[in-house]
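Q: Just dropping this structure here.
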Amino acid sequence: MPPAARRAALRALLPAAGVEAMLLTDVVDIRYLTGFTGSHAALLVHADGDARSVFCTDGRYRTQAARQVPDLERVEDRASALALAAAVPGRGIGRLGFESDVVTVDGHAALAAAAEGVDLVRAPGLVRGLRVVKDDAEVATLRAACAAADAALADLLAAGGLAPGRTEREVALDLEVRMRGHGATAPAFETIVAAGTHSAVPHHRPTDAVLAAGDLVTLDFGALVDGYHSDMTRTLVLGPAAGWQRELYALVADAQRAGRAALAPGADVVAVDAAARDVVAAAGRAGEFLHGLGHGVGLEVHEAPALSPRGSGTLAAGMAVTVEPGVYTEGLGGVRIEDTLVVRDGGPELLTLTTKELVEVGG
């Protein structure tokens with residue numbers, strides 16, 4: 001979907017929001033609506049169409065903005081949001097929507113002062129609601145990001161890069177470099193490498209801890225390709241797996257299969273989470289599943305919908321989500337298995353293709 005069509009979709013939501021125009025300040029939302037990839041901008045989307053809409057950035061991005069946003073009026077101002085707000089009264093706008101889930105209290109006060117006489121109306125989440133269903137081009141980019149991560153892990157294992165004696169930090173850096181070698185512009189987020197007892201910490205940050213034979217090693221990583229994020233977790237064993245490791249891995253694999261199978265248009269996100277969580281609970285380990293089942297992924301690595309007991313809403317075809325159950329035994333170790341998938345009629349499309357069989361490295 002071209003940016004102009006996305007702006008038209010947002011414009012269709014403005015009457016129900018009770019506003020004549022919408023001021024966007026979140027750079028991710030602005031990228032979605034314009035294609036602009038810079039780090040500083042604001043966008044005014046008018047209900048009457050693109051002819052009355054305005055894009056603003058500063059002089060650092062003059063050339064880039066001309067190339068990426070050729071179809072909107074462009075102005076330059078370092079205080080982009082305030083500049084657009086100040087121009088609103090002169091454009092005949094009486095009610096201006098703003099991203100109240102993004103703008104700070106102080107930011108709101110500044111906008112109100114700049115747009116004197118204009119009613120500022122809270123209109124949170126309009127663009128994020130549009131972003132939740134991916135179009136074909138977005139899914140293709142997500143496939144490329146997932147493929148870069150898959151290829152990097154395959155290379156790491158083939159080169160013997162996951163072995164006793166290496167540190168968690170060394171493995172994380174190695175994996176990130178290999179993702180870049182397969183087309184990633186950057187890691188999608190800080191790579192997690194958690195070995196031994198650290199694997200029982202869901203968001204462990206890599207340290208100089210040395211990998212040892214017999215360790216469970218959890219790798220949670222992703223690639224950033226053209227602004228889109230992949231997200232995958234695999235847990236492996238260095239050497240032959242112990243009985244308790246096999247048992248734990250089999251439980252998480254069963255839960256992950258149940259979660260994947262529950263992905264369908266119309267499925268309640270709480271029910272999807274429960275499909276996997278109930279498997280863990282039936283094994284008497286509900287208290288060791290410490291997080292939600294998954295989340296949306298796209299221009300941000302964590303976006304709507306949330307697959308969790310506290311989530312809300314239902315799935316729709318085209319949503320890209322993760323399914324990532326984990327069971328963590330403090331002081332011993334943990335297992336998490338995560339895929340990125342797209343919700344489809346007839347069953348989800350799997351984008352992360354690395355095997356989910358238990359891999360015994362060097363075993």
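What follows draws every value from the coordinates through simple rules; no lab data is involved. Since the structure is predicted, the reported quantities are computational estimates derived from the model, not experimental observations. Glycine also receives a Cβ, built like all others from the backbone with ideal geometry; neighbour counts cover every protein chain displayed.
Q: By DSSP, what percent of the beta bridges with both residues in segment 3-131 are antiparallel, rounded to the nearest 5?
A: Details: 7 of 18 bridges.
So the antiparallel bridges in segment 3-131 amount to around 40 percent.
Q: How much mean residue ellipticity at 222 nm does the chain get from its helices, if each DSSP H run of length 4 or more adds -39500 (n - 2.57) and you divide by all residues, to the nearest 500 deg cm²/dmol?
A: -10000 deg cm²/dmol
Q: If you don't mind, there's one more thing I want to ask. Given the C-alpha centroids of segment 1-74 and segment 216-236, what is the distance between them in whole angstrom?
A: Measuring centre to centre over Cα atoms gives 31 Å.
Q: Once fully extended, how much extra length lies between D48 and A261, figured as 0.36 nm per residue of separation less the alpha-carbon to alpha-carbon distance?
A: Full extension of this stretch gives 72.3 nm more.
Q: Along the charge dipole of the chain, which of P305, T354, A112 sits closest to the positive end, that is, farthest toward it, with unit charges on the beta carbon of Lys, Arg, Asp and Glu (+1, +1, -1, -1)?
A: Among P305, T354, A112, the one farthest towards the positive end of the dipole of the chain is A112.
Q: Would you work out if segment 21-149 is rounded, prolate or oblate? Take a ≥ b ≥ c from the square roots of the eigenvalues of the alpha-carbon gyration tensor; rounded if a/c is under 1.5, else prolate when a/b is larger than b/c, oblate otherwise.
A: Judged from the Cα gyration tensor, segment 21-149 comes out prolate (a/c at least 1.5, a/b above b/c).
Q: Here is a follow-up. Could you tell me the center-to-center distance, by alpha carbons, between segment 304-330 and segment 256-274 in angstrom?
A: Here the answer is 8 Å between Cα centres.
Q: Taking the Cα centre as origin and putting +1 on Lys and Arg beta-carbons and -1 on Asp and Glu beta-carbons, what dipole magnitude results for segment 3-131, to the nearest 20 debye? Provide the component values of the computation, followed by the final result.
A: Values: 15 positive and 15 negative charges, 82 e Å.
Value, rounded to 20: 400 debye.
Q: Ok, one more. Nearest-5 percent of antiparallel DSSP beta bridges in the chain?
A: 75 percent
Q: Here's something else I'd like to know. Under the rule that an exposed site lies in a DSSP loop and has at most 14 other Cβ atoms within 10 Å, name the longest stretch of the chain with no GluC sites (Glu not before Pro) of that kind, not counting the sites themselves.
A: Values: sites that count: E116, E190, E330, E357.
Result, exposed sites excluded: 191-329.
Q: Identify, among L96, A149, A123, the residue whose Cα sits farthest towards the positive end of the charge dipole of the chain, taking +1 on the Cβ of Lys and Arg and -1 on the Cβ of Asp and Glu, with the dipole about the Cα centre.
A: L96
Q: Where nothing but the Cβ of Lys and Arg (+1) and of Asp and Glu (-1) is charged, how large is the charge dipole of the chain around its Cα centre, in debye to the nearest 20? Walk me through the numbers on the way to the answer.
A: On the way: 32 positive and 46 negative charges, 93 e Å.
Around 440 debye, computed over the chain.
Q: Also, quick follow-up: Segment 20-119: which trypsin sites (Lys or Arg not before Pro) are DSSP loop and have at most 14 other beta-carbon atoms within 10 angstrom?
A: Working: sites: R31, R52, R60, R62, R67, R74, R78, R91, R95; in loops: R78.
Counting only loop positions with at most 14 other Cβ atoms within 10 Å, the trypsin sites (Lys or Arg not before Pro) in segment 20-119 are R78.
Q: Give a quick list of trypsin sites (Lys or Arg not before Pro) in segment 246-322 that DSSP marks as loop, anything other than H, G, I, E or B, with at most 12 other Cβ atoms within 10 Å. Kindly include the intermediate steps, with their values, before the conclusion.
A: Numbers: sites: R246, R257, R260, R277, R285, R310; in loops: R285, R310.
In loop regions of segment 246-322 (DSSP not H, G, I, E or B), the sparsely surrounded trypsin sites (Lys or Arg not before Pro) are R310.
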